[in-house]
1. Out of curiosity, is B:Ala199 free of Cβ contacts under 8 Å to residues at least 24 places away in the same chain, under 30 Å from B:Lys251 (Cα atoms), surrounded by 24 or more Cβ atoms within 10 Å (Cβ to Cβ) and within 14 Å of chain A (Cβ to nearest Cβ)?
2. Tell me, please, whether a residue that is charged (D, E, K, R) and at pLDDT 90 or above can be found in the stretch B:149-168.
3. If you go through the stretch B:148-170, how many residues are outside any loop (DSSP other than H, G, I, E, B) and within 14 Å of A:Ile71 (Cα to Cα)?
4. Look at A:Asp183 and say whether it is out of contact with any Cys (no Cβ under 7 Å at 6 or more places or on another chain) and at pLDDT below 85.
5. Within the group B:Phe168, B:Phe178, B:Phe205, which residue is within 14 Å of chain A (Cβ to nearest Cβ), in contact (Cβ under 8 Å) with a residue 24 or more places away in the chain and of a type in the set (Phe, Trp, Tyr)?
6. List pairs: first residue in the stretch A:171-195 and assigned by TED's automatic domain parsing to the domain that holds A:Gly29, second residue among the small types (Gly, Ala, Ser) and at pLDDT below 85 anywhere in the structure, Cβ distance under 7 angstrom, at least six positions apart or on different chains.
7. Out of everything in the stretch A:28-79 that is within 14 Å of chain B (Cβ to nearest Cβ) and polar (S, T, N, Q), what residue ends up being surrounded by the most Cβ atoms within 10 Å (Cβ to Cβ)?
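The values are calculated or read from the model by the stated rules, or taken from the named source; none is laboratory data. Please read all numbers here as calculations on a predicted model, not as lab measurements. All Cβ positions, even for glycine, are placed from backbone atoms using ideal geometry, and neighbour counts span all protein chains on display.
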Amino acid sequence: MKILEVKNLNVEINGIHILNDINFEVERGEILAIIGPNGAGKTILLKSLLGLIDYQGEIKWNKIYGEKIKIGYVPQRMDIETDIPLSVEEFLNLSGDSSKQKIKEAIKAVQLDEKILKSGFGEISIGQRQRILVAWAILGNPQVLLFDEPTADIDIAGQESIYKMLHKLHRDLNLSIILISHDLNVVFRYAHKAICLNRKKICEGSPKEILNTENLLELYGGEKAFYHHDHHH
Amino acid sequence: MEFQQIITAIFVSAAASLLGSFAILKRMALVGDALSHVALPGIALALIFHFNPFLGAIAFLAVAVFGIWLVEYQSKLSIETIVGVFFAASLALGAIITPDHELLEAMLGNITTISRQESIVSIILSIFLIAVILKIRKKLALNMVSQELSQSIGIENKQLELVYLLIFALAVALGIRFVGALLMGSLVIIPAASAKNIAKNLNSFMSLSVIFGVLAAILGIYFSQIYNLSPGPVFILISAGIFIVSMIMRKFVK
């Protein structure tokens, strides 16, 4: 069952074409990784999926059992002051009226201790904050989670455990996950499908099929370097 | 008479300092301060043409708020730049057209001359303001923590920000009678800034901000009566005193 169909997606910001004719689909329960260099339009793609920015083309979220699909979003990073007077518990309550019990369950699902609820949202570590953002997202009972480089600012051990947690959430809650990642290891290990993006879709398929030298060179600009080399020889 | 002033000051200050807790979170201290200056030409016109200064202030503020709101979404100029230039100009304009003998009162406020009717209107509007803020506090807080997150759960950020600016304008218009156009920004900001020094969560932040605002209002009126001073500046000085104490306490609390 397809939960998302994207057809001829184009995004232009201030006269610059960020995304050109993007087409892809996501199945229920699938983990889709979006990879690409900086400035490739990965975050813009996620934001258009969320309806946060204007786009041309079609983005169709299909209903599940006749109900509108719920999407949880975990942004790349948040700039908040370390002394913001907002506790973790209050933050988790901002999205609506979640019961204390539900909040505790969400905290457990992201493998944190309940004690963190009383901490300040600005004083917890970045890794913890990322998990709290995940908890925030799953409090809305989503069927899909969108992650924008969930581990950008976290050390390697922390990254590993975040991906393990995501994998577990995916299994336990039967979630579809669309994630942006720089880490090809992660993509290999956890994603069912990957899309290589650099302003346009360069490749799509299972990570084993498509993550080969040729595609990666094209994606990360290797070929361009060769081209210049040839040109000047 | 004195009792009426104190009650009015308490309500106005409570509303302003509750609003201030969000102004601090949004880092909108400057906008708030500048916004209060816009009221001055409105007050001046009201004084010249003999209508209620509150109406003059609110009319100018409403125009300014829509101006800010439009600029924020339509132009690429930094909002602080626009606000800085345009609003300083309106303070200057206000200072020139306000009749000389009224200027001091318009700039620094004077709650001692407030009529019973004005008091009642101020109190009712303050209660309305507090109710609106409490109603939208979660949305406001989320909008201030992350616009993306708030948008992703379907909050209309643009509308929310317009509502926020409008209640801000109302708070400014209410406070002008008390502390004047020059010091109004401080009525909103200082209690919240003090509360932020020691509060650990949103609830205590908002409560402390209101407590500090009300405390400064009561003490401000009390001391101004005893020493026969203008209540607005006394209020601000006491507020600043509370801020200093909160800075010292911060070391022990945080």
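1. Answer is yes for this residue.
2. Checked the stretch B:149-168: no residue is charged (D, E, K, R) and at pLDDT 90 or above.
3. Residues meeting the conditions: 5.
4. Answer is yes for this residue.
5. Exactly one of B:Phe168, B:Phe178, B:Phe205 is within 14 Å of chain A (Cβ to nearest Cβ), in contact (Cβ under 8 Å) with a residue 24 or more places away in the chain and of a type in the set (Phe, Trp, Tyr), namely B:Phe205.
6. A:Val187/A:Ser181
7. My answer is A:Ser48.
The rows are residues; the columns are (1) over 19 Å from the mean Cα position of the chain (by Cα); (2) within 14 Å of chain A (Cβ to nearest Cβ); (3) crowded, with 24+ Cβ neighbours inside 10 Å.
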| residue | (1), (2), (3) |
| --- | --- |
| B:Ala195 | no, yes, yes |
| B:Phe212 | no, yes, yes |
| B:Gly220 | no, no, yes |
| B:Tyr227 | yes, no, no |
| B:Ser246 | yes, yes, no |
| B:Met249 | yes, yes, no |
